[in-house]
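A short reminder: the numbers here are calculations on the coordinates, not readings from a lab. Predicted model only: the values in this text are computed from it and were never measured. As a convention, Cβ positions derive from the backbone with ideal geometry for all residues, glycine included, and neighbour counts pool all protein chains shown.
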Amino acid sequence: MAVVGQSVPRREDGRLITGRGHYTADVVRPGQLYAVMLRSPHAHARIRSVETGPARSQSGVRAVYTGRDVRERIAPIPTAWIPPGSDLAITEHPALAVDTVRYVGDAVAMVVADSLEAARAARNLIEVDYEVLPAVVSVTDAVREDAPRVHEGVPGNVALHWRAGADVDEAFRTAEVTVHRTIVQQRLIPNPMEPRAAVAEYDPGFESLTLWATSQNPHIHRLLVSTVLGMPEHRVRVIAQDVGGGFGSKIACYPDEVLVAFAARDLRRPVKWVEDRQEHFVATTHGRDHVEEVELAGRRDGTITAIRVKALANLGAYLSTAAPGVPTILFGLVVTGAYDIPQASVEVMGLYTNTTPVDAYRGAGRPEATFLIERLVDAFAAEIGMDPIALRRKNLLRDEQFPYTNAFSITYDSGRYQTALDLALHTLDVPRFREEQEAARLEGRLIGLGVTTYVEMCGLGPSEVAGAVGFQGGLWEHALVRVLPTGKVMVMTGISPHGQGEETTFAQIVAERLGCPLEDIEVIHGDTDQVSMGWGTYGSRSTAVGGGALNMALDRVIDKAGRIAAHALEAAVEDLTFEGGRFAVRGVPDRSLTFPEVALKAHLAWSMPAGVEPGLEAQASYDPANFTYPFGTHAAVVEVDRETGEVKVLRYIAVDDCGPLINPMIVEGQVRGGIVQGIGQALWEGAVYDETGQLLSGSLMDYALPKARFLPPIEVFHTETPSPHNPLGVKGVGETGTIAATPTVVNAVLDALSPLHIKDLEMPFTPERVWRAIRDAEKGAGAR
Amino acid sequence: MSEPKAEKVAVTLNVNGAERTVTVEPRWLLSDVLRQEFGLTGVHIGCEHGVCGACTILVDGEPVRSCLQFAVQAEGARIETVEALGTPEEMDPVQTAFWEKHGLQCGYCTPGMVLTAKALLDRVPNPTEAEIRHALSGNLCRCTGYQFIVEAVERAAELRAEG
């Protein structure tokens, strides 16, 4: 029976459901010390002095480090993405602030003590004399001429200035119709349920360091931590076993884990640091935060001819690891969305502000791109009086256009966009909905429909392209398949799942190819000493790229096993079949060997075919030829309560195409989770800073995450269009939900509010904001 | 100003069916004591301000946030953590249901979800979807979008009814 394509219950779950996982905060090392960070309470201030004497003299305190103490010993934290042509203004990011703090949460000192209590108590005794400086918080303020400078050497706070596409001014000048919107893509705070943590242990004999860390990419952490600490890379081991969600926020190399590693080496004692939730809000990277001027040009018949985007992107106080690539490459090159728009222009200014650094957050750039094009399409439809679904259908890419190269020279691999749209519309029954909507409106009720047709660029990605767009790493992936003498299989993969379930899906791929039971397979990840190399889990790349590597390694194992089997069966390799885990001579089924029998022969090596080495193990590195491009249609029906402004999602339909499904249940889980995060942005989530740079939404009491009772069941459907360039045909599904859901719900709410002539509203659509908009609209109507 | 040195006190806790006396500082949270003194790392710390529910345990059968209690307050109470429910080889029906229905992804909220669900089912053996969603609304999950958790609780009700 096929294993791939089955909803196999997850193999990682036993330990996780019974509380027996190994998260970083669970690591206990003999004699471990505890680290805490003293963080700046000011968004921008000069440090006049740091008095650590009383803290150091506390009993149980092993060390107190300030910026001055470590600046010669820890190199600045680097960014890892330098988009070409962006004039990236790289500034120094010290692990601990030396002269200036630049955001609330910027680390000023680290205390290491025998107990957490002692460390916290000593932290309270550190006296920092700050000279508070004016702060700049929003991008619109950051570009003002009189704006305070976040970094002395960066005039205008411009971190990067990036353009793509061609001049579209002529297209706009001559267009029959143009629409314009200002979009505020609010700042989000990732909030995986597990806060970040790091435990480091230095072995003075081996002169080696082990770092347990909440990482989505332990090999990237190994590279960056070893570089920053000046330790040879081969003496640094990074382990990320169970990781409690990341959503992009555990990609970056932060000062914290570097400091913990530094202290462990300096003090010759294991050191543990665990972020608390309030710390997470200020010290872990945020996401989104753009202000955009976006325009569409086209004809009265509904043909879209050009798009123009000018975006201001908030990068926060320092350039985080992947930050410069997010609002440029991952955003700008896909603003044409799923539509055939021949002309496009994007201009992005990335700005420094006195806020927490902004980096990848689920979708990373592509949700921002999808949001703006989906809003513009609805606005364009309203402008010409056309149904927004009809407008989408008219401009969607047609099947025969694939592979399709967009206006930014990005080539979408495959797609059947209209099929997904049809399935969503059929499921929804649009004519019946419109009747219901009409009836509801007569009763004064506000219900609305929002539709999004999206495409995502993911499966990151071809390394040559990574280099061309300035990513300071490769994006290929590595896998090793080790078959043991008993025929049991170990898989070492360079991806680093933290909830996505590859311990199961990768085992399914192995079981399918080798014909062995799932129980005989162990998938190992998240340990740089066990896995040769890898670039980690983000950008929906794990199955598309890591699965591709695994598939190649399996090809090699099967090839070698076949040669050994042929030799043992005294047959030619080409006369063998391999089915259901058994090598057999074609036409002579009783002359056969099982896969474990061949594995044993390979290891005993008593009689090997000429030129074949003993053992049964193969590795492969897979560098994809292109990104993958999942797509689909999402539709939402919402009701807005006129009295309270509360938005209720009544129905949510998702049709996604991520190619063939390895494990449909896991795919559904990814889709639903992503959608709820996307709904979160539309309706509830948003970071709020005051003008001095204090984060007002700095706890889970003030920042609303989606809760179980806020949500309807989500109806999930799939079409399957394989990626032609990928051995498994898979496209990636971790981010599609987040990308599609936000504009879907926003468009639905605005459709519901359209009888009140409310054209636009800033996210999140909290009851207060919606209620005010309704009240203002009704007042305005009364005045007319 | 120096922090007053906290005196440690002995407290006897009944945890997962066994009584043990530990010495703790009065300011130590029950969540920390369960993790550090009892080694029960299935008690996950997610926010330390009583919002996320990851540290949920059962105290006399009722779901309680162990980050909002001091360990010294729990003397005499019957404490259950996720470790007491089942093992990977022999799961409690609620855990089996979470496994079958893919009620978890990263697993961090899971112990709290499982215990909250168990307490609900102890009280309401056959809850409606709305009752389940309401009961789970004190537990945050960032991965699943909740639907498979809701279905897991419905499945758990079935499994428990089957005995």
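Data for the structure
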read-out	value
Hz values of 3J(HN,Hα) by residue in the stretch B:134-151 - Karplus curve (6.51, -1.76, 1.60), Gly and Pro given as x	5, 5, 7, 6, x, 10, 8, 10, 9, 9, 8, x, 6, 4, 5, 5, 4, 5
Counted charge near A:SER540, where neighbours are those whose Cβ lies closer than 14 Å (Asp, Glu -1; Lys, Arg +1)	-3
Kirkwood hydrodynamic radius of the stretch A:80-166, Cα pairs, Å	16.1
Principal axes of chain B: Cα extent on each, largest first, Å	54, 33, 26
Cross-link pairs A:LYS759/A:LYS779; A:LYS250/A:LYS731; A:LYS488/A:LYS560 - those with Cα-Cα distance over 20 Å	A:LYS250/A:LYS731
Hull shadow area, averaged, the stretch A:538-687 [alpha-carbon convex hull, nm²]	14.5
Helix-only [θ]222 nm of chain A, DSSP H runs n ≥ 4, -39500 (n - 2.57) each, per residue, nearest 500	-8500 deg cm²/dmol
Taking only Cα atoms of the stretch B:61-120, radius of gyration then Dmax in Å	12.7, 38
For the stretch A:625-690, fraction of C-alpha pairs farther apart than 21 Å, in %	42
More than 14 Å apart - percent of Cα-Cα pairs taken over the stretch A:586-626	63
For the stretch A:695-712, Karplus couplings with θ = phi - 60° (6.51, -1.76, 1.60), whole Hz, Gly/Pro x	7, 7, 9, x, 8, 6, 7, 10, 10, 8, 8, x, 10, 4, 7, 7, 10, x
Summed side-chain charge close to A:PRO9 - residues other than A:PRO9 whose Cβ falls under 14 Å, Lys, Arg +1, Asp, Glu -1	-2
Mean shadow area of the stretch A:445-504, taken as a quarter of the surface of its Cα convex hull (nm²)	8.9
A:ALA439 versus A:SER699: modelled label distance in nm, points set 7 Å from Cα along the beta carbon direction	4.7
Inter-site label distance for A:THR427 and A:MET386 at 7 Å from Cα along Cβ, in nm	2.6
Amide H contacts of A:ALA45 (H built 1.01 Å from N, under 5 Å, at least 5 apart or other chain)	A:VAL101, A:LEU133
Fraction of the pair-distance distribution of the stretch A:279-389 above 18 Å, Cα-Cα pairs, percent	51
Neighbour-count ranking [beta-carbon atoms within 10 angstrom, fewest first] of A:ILE564, A:ILE251, A:ILE739, A:ILE774	A:ILE774, A:ILE564, A:ILE251, A:ILE739
Candidates B:ALA71, B:ALA18, B:ALA54, ranked by Gaussian network fluctuation over chain B, Cα under 10 Å, top entry	B:ALA18
Longest to shortest principal axis, alpha-carbon extents of the stretch A:594-657, angstrom	82, 28, 17
P(r), alpha carbons of the stretch B:93-162 - 10 Å bins starting at zero, rounded %	24, 63, 13, 0
DSSP bridge pairs, the protein assembly as shown: antiparallel proportion in percent, nearest 5	80
Within chain A, longest stretch free of exposed chymotrypsin sites (Phe, Trp or Tyr not before Pro) [DSSP loop, at most 11 other beta carbons within 10 Å]	A:207-605
Rg/Rg_globular for the stretch A:4-156, with Rg_globular taken as 2.2 N^0.38 Å and Rg from C-alpha atoms	1.42
Local electrostatic count at A:GLY244 - Lys and Arg +1, Asp and Glu -1, tallied over other residues with Cβ under 11 Å	0
Exposure proxy ranking, count of Cβ atoms within 10 Å, fewest first, for A:SER607, A:SER249	A:SER607, A:SER249
Whole-number D in µm²/s for the stretch A:476-622 (Stokes-Einstein; Kirkwood sum over Cα pairs; 4 °C, 1.567 mPa s)	84
Pairwise centroid distance, computed over Cα atoms, of the stretch A:436-492 with the stretch A:586-655, Å	14
Kirkwood hydrodynamic radius over Cα pairs of the protein assembly as shown, then Stokes diffusion coefficient at 10 °C and 1.306 mPa s, in µm²/s	55
5 angstrom amide H check on A:ARG651, placed H, neighbours 5+ away	A:VAL637
³J(HN,Hα), Karplus 6.51/-1.76/1.60, whole Hz, each residue of the stretch A:148-160, x for Gly, Pro	x, 8, 6, 10, 3, x, 10, x, x, 6, 7, 7, 7
